[in-house]
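> Got a structure here, written out as structure tokens. Questions coming.
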Amino acid sequence: MEDIIINESFSDYEDLFGNIKKINFDSEELLNLKIEANEISRENEINELITYPSIKKNLVYELPHQPEGALRILREFNGNALLADEVGLGKTITTGLILKECIERGFVKRVLILTPPSLVDQWVAELKEKFEIDFGIIENENDWEKYNLAIASIDRVKSYDRENKKFKHEQCHNISWDLLIVDEAHKLKDRRTTRWKFVDKIQKKRFLILTATPFQNDLIELYNLLHLLKRGHLGTVNQFKGQFLDRGNKRIPINPRDLKRKLDEVMVRRKRSETTVSYMKRIPRIVSVELSKEETEIYEDICELLKTRYFGVNGDKINGKLAIYAILPKITSSSISAIETLTNISNNEKYHNDTKQFALGIVEKYKNLKKDSKIEKLIEIVDELLKEDRNQKILIYTKHPTTLRYISEKLKPYNLKVLEFMGGIDREGKTAIIKEFKESANILISTETGCEGLNFQFCHNIINYDLPWNPMSVEQRIGRIDRIGQNHDMNIFSLATKGTMEEHVVDLIINKMCCIGLVIGELPIILFNLGLDGKSENGYNKIEEMLMNKFIDSKNNLEIFSKGVEEIAQMIEEGMEAYSNSKKYNEEILDS
């Protein structure tokens with residue numbers, strides 16, 4: 001189905017009404033209709049954002065390029081545009097301003113936003129808190145008629161039933177949307193994918209595409225993206241190839257000025273150098289935790305349990321990958337989390353008696369420990385930071401609520417104001433905790449689920465007490481403080497137990513992925529280009545699964561495991577180099 005474009009501003013007809021009184025009309029009624037149409041046209045001209053004064057109070061920082069971009073997209077492009085601002089300039093805020101204005105002016109009633117899975121909740125929270133707009137999340141095929149304002153994970157809804165030759169969420173295509181917004185739209189670069197075809201079938205009056213890198217390796221990717229936005233804008237694919245494509249170099253057009261002119265007819269793009277936005281440095285600080293002899297023995301016992309002693313009640317060995325994914329993170333998170341997990345194993349009838357007894361033996365060793373090297377190292381870091389400046393804030397992350405409560409308990413004797421942040425807290429509760437952290441508390445301890453979509457620009461110290469094997473989870477942690485408005489270089493402390501696999505994982509994720517000069521939002525693009533941004537067929541994050549497989553294959557031999565991790569690091573390094581090159585080519589085309 002072809003895109004339906006409605007020009008509600010009527011700006012194309014301005015000349016027609018310019019000399020309206022000089023025209024002879026057959027009847028007074030026709031004259032009056034023409035005058036009324038002219039007045040409606042002028043009323044619909046957008047010369048200012050009428051909603052911006054009410055929204056400003058909800059924005060942490062007022063950045064002129066955001067309302068300016070929104071106004072231009074509405075006034076010049078009638079809401080149909082490629083928003084290609086450089087990474088980190090707040091395309092979500094610009095989009096929210098456009099959306100709020102369209103709703104307030106009555107231009108749109110039915111809106112669909114498609115985003116990557118990891119950003120759905122963040123979009124919902126941002127639109128609610130900053131723009132006071134409530135979006136419903138599409139969870140299954142029956143949800144499409146529930147919401148006039150809908151948001152969905154594009155990866156969830158693009159599923160195609162090959163047997164019946166139809167999209168599982170075909171109901172989406174039966175609705176005429178007033179506005180379609182697609183975030184991270186560089187994922188639509190290949191028109192052969194189900195993702196591209198799903199978006200292509202959506203009926204939309206207005207279409208807003210968000211991406212800082214419209215193409216990666218080939219200008220045809222740019223053509224495919226703009227073909228979705230505005231059919232025929234770059235001609236047919238053969239016309240585009242003939243006019244712009246150099247067969248010897250598919251990244252550099254043979255008529256760059258002509259291509260840039262065509263892009264400027266549908267694109268708004270600003271560089272950081274053209275705005276007031278600047279980003280501070282991430283300073284990685286991997287803190288080695290030296291285990292005591294007793295702690296080392298416990299660690300080796302845990303590896304032995306998962307490697308050779310992990311059996312079901314019938315005596316069959318339990319899947320090693322499942323054990324590592326479900327059990328190992330909890331056991332290595334903290335001593336208290338390990339005790340809780342191992343105790344659950346020892347009491348669970350689904351495990352073989354030998355497994356239960358071995359787990360119980362490790363619990364007893366934990367109970368006899370006279371020191372906890374990891375918590376002592378954490379307290380040491382906190383003490384050093386607060387000696388430098390008693391008023392600075394510290395954000396501590398852990399994966400598990402049990403560990404969170406344990407850390408909080410251990411910090412209480414030091415006369416510090418410590419807040420806890422976990423999932424299940426309502427919006428008002430979150431707001432109150434953020435306010436208290438900013439105004440009076442020293443430390444906020446949080447799980448990942450507690451801090452999704454929240455901003456702590458006033459804090460520049462993060463301590464990763466334990467580290468997810470998923471780099472995007474770590475990136476999201478750092479992203480809570482690496483926001484517009486951060487005025488300090490950021491200290492990213494990550495604890496790593498020496499002589500364990502954790503040392504190598506922390507080095508990979510912190511030093512080689514999350515703290516190497518990238519701007520917030522660039523790592524997801526790199527992982528997508530490498531095909532590592534989503535989940536595997538087994539339902540695991542792809543980087544996590546690769547690390548799990550390396551750990552299983554190494555059979556707890558650290559030398560072998562470190563070589564496996566290095567192979568992953570090499571792949572990431574090559575992906576970053578390719579991204580750097582593609583970013584350079586995008587700048588040459590888009591900013592020339």
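> Nearest 10 degrees is fine. How inclined is helix 335-347 to the longest principal axis of the chain, computing both from alpha carbons?
It works out to around 80 degrees.
> At a 10 angstrom cut-off on C-beta neighbours, averaged per residue, how do the peptides 424-437, 389-402 rank from highest to lowest?
For the peptides 424-437, 389-402, the packing ranking is 389-402, 424-437.
> Right, next: Ranked highest first by average number of other Cβ atoms within 10 Å, how do 459-471, 559-571 line up? Don't jump to the answer; show the numbers that get you there.
On the way: 459-471: 23.0, 559-571: 15.5.
The packing order, highest mean first, is 459-471, 559-571.
> Pairing the Cα long axis of helix 219-229 with the longest principal axis of the chain, what angle in degrees results, from 0 to 90 and rounded to the nearest 10?
The helix 219-229 is inclined about 70 degrees to the chain.
> Further, regarding this structure: Net charge near E139, counting Lys/Arg +1 and Asp/Glu -1 over other residues with Cβ under 10 Å of its Cβ?
For residues surrounding E139, the net value is 0.
> Taking the Cβ of K56 as the centre, find all other residues whose Cβ is under 12 Å away and add up their charges (Lys, Arg: +1; Asp, Glu: -1).
Values: positive: K57, K100, K130; negative: E62.
Counting the neighbours of K56, the net charge comes to +2.
> For the chain, find the longest principal axis of its Cα atoms and tell me its angle to the long axis of helix 65-77, 0 to 90°, nearest 10.
Relative to the chain, helix 65-77 is tipped by roughly 40 degrees.
> When only Cα pairs under 8 Å and 6 or more residues apart are kept, what is the percent relative contact order across the chain?
13 percent
> Just tell me which lysines come within less than 24 Å, Cα to Cα, of K350; anything on the same chain fewer than 8 places away is out.
Cross-link targets: K307, K317, K321, K330, K365.
> With labels modelled as points extended 7 Å from the Cα through the Cβ direction, what inter-label distance (nm, one decimal) is found for T296 paired with K370?
Between T296 and K370, the label points sit 1.7 nm apart.
> For E588, what is the net charge nearby, where nearby means another residue's Cβ is under 11 Å from its Cβ and Lys, Arg count +1, Asp, Glu -1?
+2
> If you don't mind, another one. With +1 on each Lys and Arg Cβ and -1 on each Asp and Glu Cβ, how big is the dipole of region 46-274 about its Cα centre, in debye rounded to the nearest 20?
Numbers: 42 positive and 33 negative charges, 188 e Å.
That gives region 46-274 a dipole magnitude of about 900 debye.
> Give the aspartates and glutamates reachable from K370 as a straight Cα distance under 15 Å; neighbours fewer than 8 places away on the same chain don't count.
E290, E294, E295, E297
> Sticking with this structure for a sec: Cross-link list K128/K168; K393/K435; K204/K230: which exceed 20 angstrom alpha carbon to alpha carbon?
Those over the limit are K128/K168.
> Would you indicate which of (i) 36; (ii) 47; (iii) 27 is the value of percent of Cα pairs over 40 Å apart derived from the coordinates of this structure?
(i)
> Can you give the % of DSSP beta bridges in the chain that are antiparallel, to the nearest 5? Can you show the working numbers first?
Values: 6 of 51 bridges.
The antiparallel proportion sits near 10 percent.
> If each residue of separation counts as 0.36 nm, what is the full-extension length gain between E132 and D316 once their alpha-carbon separation is subtracted? All intermediate terms of the calculation are to be shown ahead of the outcome.
On the way: separation 184, 0.36 × 184 = 66.24 nm, distance 5.42 nm.
Going from the current span to full extension adds 60.8 nm.
> When ranked by the protection proxy of mean other Cβ atoms within 10 Å per residue, highest first, what sequence do the peptides 310-318, 87-95, 353-361 form?
87-95, 353-361, 310-318
Values in this text are rule-based calculations from the coordinates and carry no lab data. Model, not experiment: these values are computed from the prediction. In this analysis, Cβ positions are derived from the backbone assuming ideal geometry, glycine residues included, and neighbour counts consider all displayed protein chains.
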